[in-house]
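The values are calculated or read from the model by the stated rules, or taken from the named source; none is laboratory data. Worth saying up front: this structure is predicted, and the values here are computed from it rather than measured. Cβ coordinates were reconstructed from backbone atoms using ideal geometry, including for glycine residues, and neighbour counts include every protein chain displayed.
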Amino acid sequence: MEIVKTCGLKKYFVNGEYEVRALDGVDISIEEGEFTALVGSSGSGKSTLLNMLGGLDTPTEGDVLIRGQSLKSMKRDEKTIFRRRNIGFVFQQFNLVPVLNVYENIILPLRLDGLTPDEAFLKKIIQTLGIEDKMGQMPSTLSGGQQQRAAIARALSVKPAIILADEPTGNLDSRASMEVAGLLKTCAVHFHQTVILVTHDEEVAQMADRILPIEDGKIAMRHGGIDAGTHLAGRAGARDAGTTAARDTGGTASPDRPEGRD
Ligand SMILES: Nc1ncnc2c1ncn2[C@@H]1O[C@H](COP(=O)(O)OP(=O)(O)OP(=O)(O)O)[C@@H](O)[C@H]1O
Ligand SMILES: [Mg+2]
């Protein structure tokens, strides 16, 4: 089932006298449960597209539909609530709150929404990510990879249907990058989530079910003939990466779907 769709999406910025066409007519459709890598050179429009998909910014033209619901048609408050309940963000800077311990950081989005944490579900996420023994520690005492895992746990804590990750491995070495990307993939499968991940790392991109290349604000054809619609699911490499990461971290979560929220 289609979960994310864009129609003629454009975003133009004015920088002084110049107009920058950050997105110049993007039409994509993403299926539920799909793990998509968004790739392209610096300035090609990747972050702009992710921000539009997550309703963090409004398009100049066109619309984003999430499960058929138009973001454009929502009022500001409505969009904020919709975003908080349906979309989890993971950024390159882990953005953990330094004065809160790891557990407090993970449940922060729930607290902000006045919700009681689902402890059994949280335990599953934390185990899958392999950070059970870090809950009482402050973020500054964790490695980059561990901080990013905590940030992923925080994004997952609200059981979002969609995870938008903007270069989540950008600050990690190559081993940690592969591990974190593998964990995102594992979580997507275990918790039935749709992941859209921006990356510069070809190895990380190869883990995805599908690679969406963007150039000058448009979905592009790739060198070597892999086009925007190419689905890579089922390739041995893509599958192994996810399952290896789960095994390495002692992941035990069962492949069930979390209860949906209201
Ligand atoms: N708030 C803004 N105001 C003006 N121009 C902007 C703004 N945000 C982005 N742009 C411009 O839009 C274009 C696309 O930017 P975007 O951040 O989406 O690129 P990107 O693909 O994420 O690049 P990177 O890989 O470096 O993160 C760039 O030319 C950028 O300068
Ligand atoms: Mg960017």
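If I ask for residues that are of a type in the set (A, V, I, L, M, F, W, C), in a strand (DSSP E or B) and more than 16 Å from ligand 2 (Cβ to nearest atom), which ones from the stretch 28-58 would you list? Once the filter is applied, which keeps residues that are of a type in the set (A, V, I, L, M, F, W, C), in a strand (DSSP E or B) and more than 16 Å from ligand 2 (Cβ to nearest atom), the stretch 28-58 yields Ile30, Phe35.
One residue stands out among those in the stretch 140-162 that are modelled with pLDDT under 95 and in contact with a Ser or Thr (Cβ under 8 Å, 6 or more places away or on another chain): the one that is farthest from Leu112 (Cα to Cα), which is Gln148.
Being more than 11 Å from ligand 1 (Cβ to nearest atom), closer than 22 Å to Arg154 by Cβ and under 13 Å from the mean Cα position of the chain (by Cα) is the requirement here; does Ile81 meet it? No. Of all residues in the stretch 162-204, those that are more than 16 Å from ligand 1 (Cβ to nearest atom), surrounded by fewer than 20 Cβ atoms within 10 Å (Cβ to Cβ) and part of a loop (DSSP other than H, G, I, E, B) total 2. Does Gly16 satisfy being over 21 Å from the mean Cα position of the chain (by Cα), free of Cβ contacts under 8 Å to residues at least 40 places away in the same chain and on the phi > 0 side of the Ramachandran plot? Criteria met by Gly16.
Residues that are free of Cβ contacts under 8 Å to residues at least 60 places away in the same chain, within 14 Å of ligand 1 (Cβ to nearest atom) and not β-branched (Val, Ile, Thr) within the stretch 19-41 comprise just one, Glu19. Filter the stretch 163-208 for residues that are under 20 Å from Thr6 (Cβ atoms), more than 13 Å from ligand 2 (Cβ to nearest atom) and hydroxyl-bearing (Ser, Thr, Tyr) and give the result. Matches in the stretch 163-208: Thr194 only. For beta carbons closer than 9 Å, sequence separation of 6+ or different chains, a first residue in the stretch 75-98 that is without any contact (Cβ under 8 Å) to a residue 60 or more places away in the chain and a second that is acidic (Asp, Glu) and not in a loop (DSSP other than H, G, I, E, B), the qualifying pairs are Val97/Glu104.
Contact map, the stretch 50-69: residues that are at negative phi and at pLDDT 95 or above paired with residues that are aromatic (Phe, Trp, Tyr) and surrounded by fewer than 17 Cβ atoms within 10 Å (Cβ to Cβ), Cβ distance under 7 Å, separation 6+ or inter-chain. Pairs shown: Thr60/Tyr12. Residues that are part of a helix (DSSP H, G or I) and away from ligand 1 (no atom under 15 Å from the Cβ): does the stretch 70-77 have at least one? There is at least one residue in the stretch 70-77 that is part of a helix (DSSP H, G or I) and away from ligand 1 (no atom under 15 Å from the Cβ). Of the residues screened, Gly25 is one that is away from ligand 2 (no atom under 14 Å from the Cβ) and either among the small types (Gly, Ala, Ser) or not in a strand (DSSP E or B) (or both). The residue of the stretch 1-18 that is farthest from ligand 1 (Cβ to nearest atom), among those that are surrounded by 15 or more Cβ atoms within 10 Å (Cβ to Cβ) and of a type outside the set (Ser, Thr, Tyr), is Ile3.
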